[in-house]
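Everything below concerns the one structure shown next.
The values are calculated or read from the model by the stated rules, or taken from the named source; none is laboratory data. If you're wondering where the values come from, they're calculated on a predicted model, not measured in any experiment. All Cβ positions, even for glycine, are placed from backbone atoms using ideal geometry, and neighbour counts span all protein chains on display. Only protein heavy atoms, including side chains, enter the accessible area calculation; ligands, DNA and RNA are left aside. Shrake-Rupley method; radii C 1.70, N 1.55, O 1.52, S 1.80 Å.
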Amino acid sequence: MKTPKPTYNDSDLSDLLDGIFSGEVTEYEIPESLYLSIAEYLRKGLYHGFGGSLEDFEGSKDLELLTELRENVYMFSAAKSFSEIKELRSMLIDDEGNLRDKKDFLFHAEQVAEVYDDAWARTEYHTAVFQSKEAVMWNSFEREKDIFPNLIYQTVGDACAICQPLDGLIAPVGDAVWNEIAPTNHFNCECVLLQEDQEKDITPKEEKEAIYNDVTSDMSDVFKMNAGKDRYIFSPEHPYFDVAKKDKDFAKENFGLLIPDSD
């Protein structure tokens, strides 16, 4: 999958870093431009994977799910903005505890920002696409489980060590195993669940439990979820949310940032 370029540009970053250096920007005074830029980029990934926007799904059985996933994207974007600014502000002080001059600050801060706004942003976009795709598919699995009672895990491409043991595992739609190992199971995962109607092909319980235990021992807690059942793309276990745990009240208010009612 070709990942589009993040929308936060060099001019935006320059303004952000100038604001941080001057003290006008802090993690408690997050620029709306940063927050909305991150959210817009990830929202595009969400809609790409889900198959349309809120307007496209008006009146659909999937609208409620899409609405909740969209809200999660905005909450994640706010948490990321908080985390990024907090780390960028830490670059104001050098390893010896001295205040950096602007040139030295920009040198270090730009390297941190590049990771947040490019490398990690692209991975997060990919996660939004594939988690939303799996979420809307899960709604279909639930609606059609009388016809297709089972699901089979299928790896895509060169599966990593995490996914490979899952390839071919078959369990009923209602099996608890799908609470934690439904794709995606790691960053840049593209594996899928497919419907299966053959009762005789269900993976034996002991074999299933052994595979489950093996896989979940290697998985990050961030991916021990089911986007369709949990109704979010980015888990509360994500490090961005963790950074804000010391500011629970502020985080509960979405870091002082509004979630738009419409796109």
Checklist entry - Just one of the numbered conditions (1) open to solvent by 70 Å² or more (accessible area, probe 1.4 Å); (2) assigned to a helix (DSSP H, G or I) is not true of PHE241; which one? => result (1)
Next on the checklist: Looking at SER33, SER53, can you tell me which residue is part of a helix (DSSP H, G or I), in contact with a helix residue (DSSP H, G or I) (Cβ under 8 Å, 6 or more places away or on another chain) and surrounded by fewer than 23 Cβ atoms within 10 Å (Cβ to Cβ)?
Outcome noted: SER33
Checklist entry - Say we look at segment 207-238 and pick out the residues that are touching a helix residue (DSSP H, G or I) at 6+ places or on another chain (Cβ under 7 Å) and outside any loop (DSSP other than H, G, I, E, B); which of these is surrounded by the most Cβ atoms within 10 Å (Cβ to Cβ)? => result ALA227
Next on the checklist: I'd like to verify a number: residues in segment 99-128 that are within 15 Å of PHE21 (Cβ to Cβ) and without any contact (Cβ under 8 Å) to a residue 24 or more places away in the chain, how many?
Outcome noted: 7
Checklist entry - How many of the residues in segment 228-259 are modelled with pLDDT of 95 or more, in contact with a Phe, Trp or Tyr (Cβ under 7 Å, 6 or more places away or on another chain) and aliphatic (A, V, I, L, M)? => result 2
Next on the checklist: Just to be sure before I move on: is SER90 open to solvent by 40 Å² or more (accessible area, probe 1.4 Å) and closer than 19 Å to ASP242 by Cα in the structure I sent?
Outcome noted: yes
Item to check | Within segment 107-123, tally of residues that are open to solvent by 60 Å² or more (accessible area, probe 1.4 Å) and more than 13 Å from LYS80 (Cβ to Cβ) | outcome: 5
Checklist outcome for this item: Out of (1) farther than 15 Å from SER83 by Cα; (2) of a type outside the set (Gly, Ala, Ser); (3) open to solvent by less than 60 Å² (accessible area, probe 1.4 Å), the one VAL25 does not meet is (1)
Checklist entry - Give me the pairs: first residue in segment 182-206 and part of a loop (DSSP other than H, G, I, E, B), second residue among the basic types (Lys, Arg), beta-carbon distance under 9 Å, and six or more apart or on different chains, which are they? => result ALA182/LYS229; PRO183/LYS133; ASN185/LYS224; ILE202/LYS208
